[in-house]
Amino acid sequence: MAQVVVMPQLGNTVESCLITTWLVAIGDEVTESSLLCEIETDKSSMEVPAGVSGTVLALLAEEGDDVPVKEPLVVVGAPGEDISGLTSATAPEEARELASEPSRRAAEPSEEAALRDDRSSLAVSSGSGEGASAVSSGSGEGASAVSPRARGLAASRGIAADQLAGTGPQGRVIERDVQAAIAAGPGLTAGARAQAEGFVPGAAGSGIGGRVTRADLANTVPEEAARNALRDSRSSLTASSGTAKEFPGAFTDTPLKGIRKVIAERMMNSLATSAQLTYTATAPAAGLLAMRKRLKNAGDPDLAAVTIGDLVGYATVKALAKHAVVNAHLADGVLRSFENVHLGMAVDTPRGLLVPTLRFADTLTLREFSVQSKALANEAIGGSINPDLLGGATFTVSNLGAFGIESFTPLLNVPQVAILGVDAIFPRAVINADGSVGAEQRIGFSLTADHQVIDGADAARYLKDLCSAIADIDLTVLG
């Protein structure tokens, strides 16, 4: 009997996952250990195992779709098995066709691979009893003549999608049809797009790059004449400019998706919902460098692995003990100060910026702080970290010192009210007691605070205590 594989839940806080890559196609044979697809959340990534054996009869989502957890992903069963019982009366036309013709699709995986790129997102609802699922779909052919993706892309380019010839199932206009229409000729200017009721590319306009203007819409140019005029103008330009390339030259468009899209949304939300102000200060770094050297030669592998970043993070936590207003969250007009420090650590990973949380950091020894922070960072970089450990921080540290950055403005990880940027260690001129001029190694800090709840004096006091803790790092570690 056909079985449905659902989207797994990665942690208690995860509500949906993005399908990044399908690893199977309709008609493929899978076992319980076979991998179906690669997925990611804003916090981690993983591969989804089949968990059942059989033939892939249906893929219920596309690459790039954001699928809620525990919603159906794949139907697996016997070759040629009828899966129409898994389809409700509300499924889109593509889903009905897929369910009613499993034998043909299983026998022709290459054709399915082509159609898979054409399907729009399927709204899926969980079934009952034996784990079957229902694929929901709309009625009425008018609503299904243009896929949602195609309609959205067409609207953004001022194209009348319902005037295009569709290549999807039963003539449905899909995204690639709109892309082909865009490639067929220049689009509309912003003004023309606003007044055009519908535009099918192919005719050149009088605007820059051959775009159609409002004047062109008012005085429609015959398609062939417009194309000839555009071709002649480009030929003339090429002849007069010799080896000049067409402006703007080669480029690559990369849609924001997955973690990158989430990061973008969160950063914009951070700036839009908080009053951010950055304060900078420096501290003597001689003590840090001396302690790092002693620990490296201590003969203890754990202590030898302690870095400058570990020492700074440890001092950061110790300084927070005196400043509850900085170790806090602001949400819905309520400031929540925390007794313990749960330290967020910004980590650069191949998939983007992640911030694992070192829980109860204020209760750790320097050795424990170093070991646990490195373990969290490695798990984040490798993509194996528990998503629950990527939230709940009360204060965050972002260290760009290794890149030679001397000052920057870190953005708040809301609802946190402060974040510390750690800058590079650099020499600075100093006047010695005897009046001579010398050089001193100093480390910089950039504290961004939410001015809604943290006044300038509060931020300055925290930075002052942090700099003191760094200058006297031996006492900070002992205390």
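Ranked highest first by average number of other Cβ atoms within 10 Å, how do 374-380, 274-280 line up? Write down the numbers at each step before the final one.
Numbers: 374-380: 18.4, 274-280: 16.4.
Ranking, from highest mean packing down: 374-380, 274-280.
Output the relative contact order of the range 362-479, whole-number percent, from Cα pairs under 8 angstrom with separation of 6+ residues. Working shown, then result.
Numbers: 131 pairs, mean separation 21.5, N = 118.
Over the range 362-479, the number comes to 18 percent.
Cross-link partners among lysines for K70, C-alpha distance below 30 Å, same-chain residues fewer than 8 apart left out?
Here the lysines satisfying the reach criterion relative to K70 are K43, K257, K261.
Sorted by accessible area (1.4 Å probe), largest first, how do F426, F338 line up? Numbers along the way, then the final one.
Details: F426 25, F338 55 Å².
Final ranking, largest accessible area leading: F338, F426.
May I ask you to list the lysines whose Cα is less than 27 Å away from that of K296, ignoring any residue fewer than eight positions away on the same chain?
Counting by Cα, and skipping residues close in sequence, K296 has these lysines nearby: K318, K374.
Classify the range 360-417 as rounded, prolate or oblate, taking a ≥ b ≥ c as the square roots of the eigenvalues of its Cα gyration tensor: rounded when a/c is under 1.5, otherwise prolate if a/b is larger than b/c and oblate if not. Present the calculation step by step, with values, prior to reporting the outcome.
Working: a/c = 1.40, a/b = 1.26, b/c = 1.11.
Since a/c stays below 1.5, the shape of the range 360-417 is classed as rounded.
Amide H to amide H, which residues 5 or more places from A2 or on other chains are under 5 Å from it, using H placed in the peptide plane?
A78
What are the ³J(HN,Hα) couplings of the range 348-355, residue after residue, when phi is run through the Karplus curve with 6.51, -1.76, 1.60 and θ = phi - 60°? Round to Hz, x for glycine and proline.
7, 10, x, 9, x, 6, 10, 10
To the nearest µm²/s, what D does Stokes-Einstein give for the range 272-372 at 4 °C and 1.567 mPa s, using the Kirkwood radius over alpha carbon pairs as Rh? Let's see the in-between values first.
Working: Rh = 15.8 Å.
Rounded, D is 82 µm²/s.
If you take the square roots of the eigenvalues of the alpha-carbon gyration tensor of the range 327-377 and sort them as a ≥ b ≥ c, do you get rounded (a/c under 1.5), prolate (a/b over b/c) or oblate? Before the final figure, lay out each step's value.
On the way: a/c = 4.82, a/b = 1.28, b/c = 3.75.
Here the range 327-377 falls in the oblate category.
Could you tell me how far the Cα centroid of the range 18-68 sits from the Cα centroid of the range 371-396, in Å?
Cα centroid of the range 371-396 versus Cα centroid of the range 18-68: 25 Å apart.
Placing one identical point scatterer on every Cα of the range 249-321 and ignoring solvent, what is log10 I(q)/I(0) from the Debye formula at q = 0.11, 0.14, 0.15, 0.16 Å⁻¹?
Results for the range 249-321 at q = 0.11, 0.14, 0.15, 0.16 Å⁻¹ read -0.61, -0.78, -0.81, -0.83.
Along the charge dipole of the range 386-479, pointing to its positive end and built from +1/-1 on Cβ of Lys, Arg, Asp and Glu, which listed residue (F395, A449, P410) has its Cα farthest out?
Of the candidates, P410 comes out farthest on the positive side.
Taking amide H atoms as placed 1.01 Å from N in the peptide plane, list the residues 5 or more away in sequence, or in a different chain, whose amide H sits under 5 Å from that of K257.
none
The values are calculated or read from the model by the stated rules, or taken from the named source; none is laboratory data. Computed from a predicted structure; not experimentally measured. Cβ sites come from the backbone with ideal geometry, for glycine too, and all protein chains shown count toward neighbours. Side chains included, ligands, DNA and RNA excluded: accessible areas come from the protein's heavy atoms. Shrake-Rupley method; radii C 1.70, N 1.55, O 1.52, S 1.80 Å.
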